[in-house]
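See structure below.
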């Protein structure tokens with residue numbers, strides 16, 4: 001499963017893992033959704049429906065390009081700097097192209113399935 005995130009004329013591609021949360025996010029696509037800055041190392045967005053973390057691995061060492069789900073808040077996180085780990089942070093996948101565009105994402109992004 002691959003998804004694209006388009007913002008400001010740039011495209012970032014993620015490859016999702018085979019977890020329950022990743023499959024649930026994939027099924028909610030396509031989305032036009034607001035992306036927000038959080039902290040100094042990530043962009044976040046809130047999918048319409050919360051994701052189940054059953055059979056979803058913890059993000060034990062999130063790095064630049066990690067796509068994760070922060071269950072306590074129900075937001076999807078796109079890291080543009082190395083982060084590490086946090087309680088309630090689950091890994092959804094990783095970037096395979098366009099990681100240099102994550103930091104500049106703003107406003108409404110377009111998230112779609114990549115066939």
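Every number in this text was worked out from the coordinates using simple rules, so none of it is lab data. Treat the numbers as computed from the prediction; the structure is a model and nothing was measured. Methodologically, a virtual Cβ is constructed for each residue, glycine included, from the backbone with ideal geometry; neighbour enumeration extends over all protein chains shown.
Any residue in segment 4-20 that is under 17 Å from residue 89 (Cα atoms) and free of Cβ contacts under 8 Å to residues at least 60 places away in the same chain?
Checking segment 4-20: at least one residue is under 17 Å from residue 89 (Cα atoms) and free of Cβ contacts under 8 Å to residues at least 60 places away in the same chain.
Can you find a residue that is in contact with a helix residue (DSSP H, G or I) (Cβ under 9 Å, 6 or more places away or on another chain), farther than 27 Å from residue 115 by Cβ and exposed (fewer than 15 other Cβ atoms within 10 Å of the Cβ) anywhere in segment 60-80?
no
Tell me yes or no: at least one residue of segment 22-37 is assigned to a loop (DSSP other than H, G, I, E, B), touching a residue at least 12 places away in the same chain (Cβ under 8 Å) and over 21 Å from residue 99 (Cα atoms).
yes
Identify, please: which residue in segment 39-59 is out of contact with any helix residue (DSSP H, G or I) (no Cβ under 7 Å at 6 or more places or on another chain) and crowded, with 21+ Cβ neighbours inside 10 Å and is, among those, farthest from residue 17 (Cα to Cα)?
Ranking the candidates gives 42 first.
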